[in-house]
Amino acid sequence: MTKTNSSPLAPLACIILAAGQGTRMRSTLPKVLHPVANAPMIEHVLAAAAELLPEQIAVVIAPGMDTVEKAVAPHRCVIQQQPLGTGDAVKAARSVLEKFRGDIIVLFGDAPLVTAEALRNLQRKRIESGAAIVVAGFSPTDQAPYGRLIVESGQLTAIVEAADATEAQRAIRLCNGGIMLFADGKLWPLLDKLRDDNAKHEFYLTDCVKLAKAGGHICVVAEMPADEVLGVNTRVELAEAERLMQNRLRRAAMLNGATMIDPATVYLSADTRIGQDVVIGPNVVFGPGVEISNKAEIRAFCHIEQAKVEEGALIGPYARLRPGTIVGGGAHIGNFVELKNTEVGRGAKINHLSYIGDATVGSKANIGAGTITCNYDGFRKHHTSIGAEAFVGSNSALVAPVSVGDGAYVGAGSVITMDVPANTLAVARGRQSNLDDWAKRFREEQAERKK
Amino acid sequence: MTKTNSSPLAPLACIILAAGQGTRMRSTLPKVLHPVANAPMIEHVLAAAAELLPEQIAVVIAPGMDTVEKAVAPHRCVIQQQPLGTGDAVKAARSVLEKFRGDIIVLFGDAPLVTAEALRNLQRKRIESGAAIVVAGFSPTDQAPYGRLIVESGQLTAIVEAADATEAQRAIRLCNGGIMLFADGKLWPLLDKLRDDNAKHEFYLTDCVKLAKAGGHICVVAEMPADEVLGVNTRVELAEAERLMQNRLRRAAMLNGATMIDPATVYLSADTRIGQDVVIGPNVVFGPGVEISNKAEIRAFCHIEQAKVEEGALIGPYARLRPGTIVGGGAHIGNFVELKNTEVGRGAKINHLSYIGDATVGSKANIGAGTITCNYDGFRKHHTSIGAEAFVGSNSALVAPVSVGDGAYVGAGSVITMDVPANTLAVARGRQSNLDDWAKRFREEQAERKK
Amino acid sequence: MTKTNSSPLAPLACIILAAGQGTRMRSTLPKVLHPVANAPMIEHVLAAAAELLPEQIAVVIAPGMDTVEKAVAPHRCVIQQQPLGTGDAVKAARSVLEKFRGDIIVLFGDAPLVTAEALRNLQRKRIESGAAIVVAGFSPTDQAPYGRLIVESGQLTAIVEAADATEAQRAIRLCNGGIMLFADGKLWPLLDKLRDDNAKHEFYLTDCVKLAKAGGHICVVAEMPADEVLGVNTRVELAEAERLMQNRLRRAAMLNGATMIDPATVYLSADTRIGQDVVIGPNVVFGPGVEISNKAEIRAFCHIEQAKVEEGALIGPYARLRPGTIVGGGAHIGNFVELKNTEVGRGAKINHLSYIGDATVGSKANIGAGTITCNYDGFRKHHTSIGAEAFVGSNSALVAPVSVGDGAYVGAGSVITMDVPANTLAVARGRQSNLDDWAKRFREEQAERKK
């Protein structure tokens, strides 16, 4: 056996296979673009790979997958013309990586749970063992027919498909996780030797192991947690990947000092940032781009995207913060309130049944129940400015562009179409008339008509 | 042993036992009417039985169970006068089934998870084995004291109650699932021989096995998944049945091409229809009668009943679609919006805090935040008609019956009581007055009063 | 071995250890004040202890834990000056318990799942065995390094730390649950003998077992369910304690006759009271102080705190009942409705998008969609009174203090600032003007400007 000489600090390139059509997803969206924790699956794979600072990443796609090409830019895509197996797919990357010298890791765009730590482990194993190939192994928790890894004296001697395995081999718990590392200079010569003399007439990347062995090279296994090799082929598996990713994100947030009443019902995005002593009620959805500062409380049934909540603010229940929202420290945003592209000052209160969009709300302002900013005229969005300590009476409509000055009052039920200067009271509503006994007569008439 | 001669194509009748009072449910509702996936438990049993196209179904109820009789109509109910055991209950069906010739399957109205496939398996087993009785067996996943099925040389030789089982018998994993198939002509003679010489003085249907054996007949077991024999006696078991049924429905929807971010929080009804590339957020409730077309997105916290969502529409978060709602293709229904008996045209938008009831909304109409249709006058409901490309300003009230024409505008905060012709602007609100320094004086007065 | 003579009816005192800082919680809140089922963890421990009617309870805290002292009042707190181990913590209670004669149970303020039944079992074991010490044992379901309990001939002979355990000892499933009972007169002499000659230089309460054995006393084990000894050190464990407590509360409510469509999504408080034939949809949050009467239905996405729902009322979906709310029998509270400090009469309806605060609503009153009580003027809250069978038109604002009499009507979109007598119609809104072709011209102008 020849030990490979590539140095511990060998440069790295990654090939990510993303050409699969994903028929069993029953979708028009390419499989690797199906999202997990609000990011396409392949983004998670790219992010894990990126942590290893590879010199190059090549993504193998099928013809016509322009949306994948856009999603992975600026990483380079190469096209596998025909679906002739994983070995063939990797060959497609040769044009862009042939001159690269260093280790090459082959990853799967539909296996979003892989971590950088697991990939580093492949590199460590390569260095320790001097192997030409390191294969990711795992111990499955289910009964699916995974290929078995045959290890003898610490070396991987064969990968046996479940269908071809003897009973003794099927008893082996170590299975093929798919991901493979090829040491410097080993990949392309092995690919040249691959043959498609099998039932499906495909070129299998896994056959490289037997070819490497035949060539006197060492192959080894680096074990990974079973979760990390989960590949997604159906929406049921997609839901399972989502669940595992969510549990990972939830656990990290809790260990960092956030309380979740029921973590299983808090939905995070990969980029959600949550401070210490934050309390999160059940059933809260964090879309992308959310930052929650220390001691904020997010009550049940909130839905937050592209928004920032500052220290000690109280949000919800049933508050929706849409993109461009910043809620200042200690502010209260209550039930059935929607904020969009709005900055709310420190200590302000918007407690009930309001839509505030394209607005600034001053510190300690009080926005009454049912207040609506009329920010759209059918053609353009306009801005509403509400001053510090202003008081907007309930059920008011503020027709933008309009401003309500510092300390101004708006009478309940008003439709405000002109600016309200500071400290001014604005009222814009009809006068009340009471018609005696009308209701009594109306009821009698209606009762009569029903006869 | 005598092999039964009934032909493979023997006609079928089903007896469904539904007379149990369900004391442990602590309810005034008869047990079999407690719903699972929004349908009474017994409906699920009837539906599974119906797939086998039986010639007759008889439901055994207790005296006074008129609500069950109504629920199962047009199937025939028979009354078990006294709760004298399962054998006695089946006897009650004799009056309506005595002339029927063919197989008879006895099912349980409080075991809603049985599938037609499992029942067909009973029929297949009867044909294969020539048995007089086929008993449903299952391997329990819990430690409850189920009766054990003693099988020797492929034949069921006895059913042993857990309390009477020897240690060796208790080690048997195959347990009695309750459901039984009696081959043509076998049931009534066996029932005649049943005796109540036991501790509870009840007639047990399971005793038919030992009587059949004594009479030289073959009895066999057909195994069923443990889930399918779950019987419901408490609300805890009802919740478990609901969970299992939901998982079945969720899985089918996902394999058909719907993405569920967290399937465990999507609640379906037995009749929910969901297309391909539909994306469903966490915490969505589908009541009965819902149809979601391809590429629609249902965001978190939606509640939808008796409604239809057409292709590519975007619903929620926090949208409630009530009975009679149709949302057209590409339309947007946003947060805190309630629709009832309303048809929304293609590409229309109702994005925030609105109640639209008994209405039609034209294509590409834009309904502002806080719009309310005043559809009820205390006596009758009236219709609101909004034309194509109409623009209803925020916080408006439309007092029905009223119509807003194609391309018309309604000014924000208006109360519309008269029809608005096409392309017309309608405004109905008070004029704004600003009172300088009023707010300043008011605050000073209030501060004074607080001293 | 000396059997202890304390009588079966020995008086009881409890010492609750609550001095831990809880660094791994990453919180400014003392650990034992982190809530489970809406009550601080230590309250659950106090409640379980209180059921045994102890003569005294002493809580051991660290210096500066005034908030814990307040939370446990009127129970007496004693201060452990330095964190020198559990034995040292118990010593701190000597000043207040030295004269007490009877059994002493030592409990943990961060282990909120203990039940009175388990504590009674410690007392029973003490009486049966005549032991000086009874140690709570449990069989863990995880692999954490718990101390092993070595039992020989029914007596506890040693507690071996996981780190010090032999392989044979590590195979023992019975582990140390922490809670200990000391028979009358045994605790203080043993504490005097404790030494801190170990790696951490701490005094371990568990060392009392070996000292007791050395002194010729009997020690025994009383087994507890693993759930009940769960100690909380991180927010992940806090979430697990919450989950277990919720499951306990849910199960009790279901067995008492409430249906929960998905119990895992119903969040109860320790004091929630739920009647029979109550149906609770998915995703319902019950804060503290809630009482739901028989046959009420609480639909999905409700959030209820300090409120009472009477027989047969229909709540939700998406209803928020805030403190001080009473919903009368058969009343309907619908979607996106918030009630606060409001009494709703029998059969009244508030079905859509309303905020009703500081109000009374008469029986059979009908409150239209979008109705808002303007109860706050920036300084004070005012009352709104709505009479029986009154009809409040949609999108109305009621400016408190104000009253709407029995049978009165309020026109849709009105701002009501003066009282409305019984049977009177009040209208307060602008007149409608229609401007022909304005919308057409506006659109043309806008289109022009966009060019």
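Residue count for the range B:220-271 under the criterion of being among the charged types (D, E, K, R) and within 13 Å of chain A (Cβ to nearest Cβ): the result is 4.
Counting only residues that are farther than 21 Å from B:P263 by Cα and crowded, with 20+ Cβ neighbours inside 10 Å, the range A:7-53 holds 17 of them. Of all residues in the range B:126-185, those satisfying the criterion of being acidic (D, E) and either modelled with pLDDT of 95 or more or over 24 Å from B:L113 (Cα atoms) (or both) are B:E128, B:E152, B:D164, B:E167, B:D184.
For the range A:175-225, the set of residues classified as farther than 21 Å from A:S129 by Cβ and among the small types (G, A, S) consists of A:A199 only. For the range C:143-159, the tally of residues that are free of Cβ contacts under 8 Å to residues at least 24 places away in the same chain and of a type in the set (S, T, Y) stands at 1.
Counting just the residues of the range C:340-356 that are among the aliphatic types (A, V, I, L, M) and more than 11 Å from chain A (Cβ to nearest Cβ), which one comes out farthest from the chain's Cα centre (by Cα)? This residue is C:A348.
Residues that are at the interface with another protein chain (Cβ under 7 Å from one of its Cβ atoms) and touching a residue at least 12 places away in the same chain (Cβ under 8 Å) number at least 2 in the following strands (runs of 3 or more DSSP E) confined to the range A:391-451: A:397-399, A:425-428.
One residue alone among C:R101, C:R94 is surrounded by 15 or more Cβ atoms within 10 Å (Cβ to Cβ) and either more than 21 Å from the chain's Cα centre (by Cα) or in contact (Cβ under 8 Å) with a residue 12 or more places away in the chain (or both), and that residue is C:R94. For the range C:348-390, a tally of residues being at pLDDT 95 or above, among the hydroxyl-bearing types (S, T, Y) and assigned to a strand (DSSP E or B) returns 5. Of everything in the range A:357-390 that's acidic (D, E) and under 18 Å from B:H352 (Cα atoms), which residue is nearest to the other protein chains (Cβ to nearest Cβ)? Applying the filter and picking the extreme gives A:D377.
If I ask for residues that are among the acidic types (D, E) and either touching a Leu at 6+ places or on another chain (Cβ under 9 Å) or not assigned by TED's automatic domain parsing to the domain that holds B:N395 (or both), which ones from the range B:330-346 would you list?
B:E338
Filtering the range B:303-329 to residues that are buried (at least 22 other Cβ atoms within 10 Å of the Cβ), away from chain A (no Cβ under 11 Å) and out of contact with any Leu (no Cβ under 6 Å at 6 or more places or on another chain) leaves B:H303, B:V309, B:A313, B:I315, B:A319, B:R320, B:V327.
Pairing residues of the range B:285-296 that are more than 10 Å from every other protein chain (Cβ to nearest Cβ) with residues that are crowded, with 18+ Cβ neighbours inside 10 Å and of a type in the set (S, T, Y), at Cβ distances under 7 Å and at least 6 apart in sequence or on separate chains, gives B:F286/B:Y267; B:F286/B:S269; B:F286/B:T272; B:P288/B:S269; B:V290/B:S269; B:V290/B:T272.
Of the residues that make up the range C:188-206, is at least one within 14 Å of chain B (Cβ to nearest Cβ), surrounded by fewer than 20 Cβ atoms within 10 Å (Cβ to Cβ), assigned to a helix (DSSP H, G or I) and not small (G, A, S)? So far as the range C:188-206 goes, no, none of its residues is within 14 Å of chain B (Cβ to nearest Cβ), surrounded by fewer than 20 Cβ atoms within 10 Å (Cβ to Cβ), assigned to a helix (DSSP H, G or I) and not small (G, A, S).
The values are calculated or read from the model by the stated rules, or taken from the named source; none is laboratory data. Keep in mind that this is a model prediction, so the values were computed, not measured. Virtual Cβ from ideal backbone geometry, glycine too; neighbours counted across all protein chains shown.
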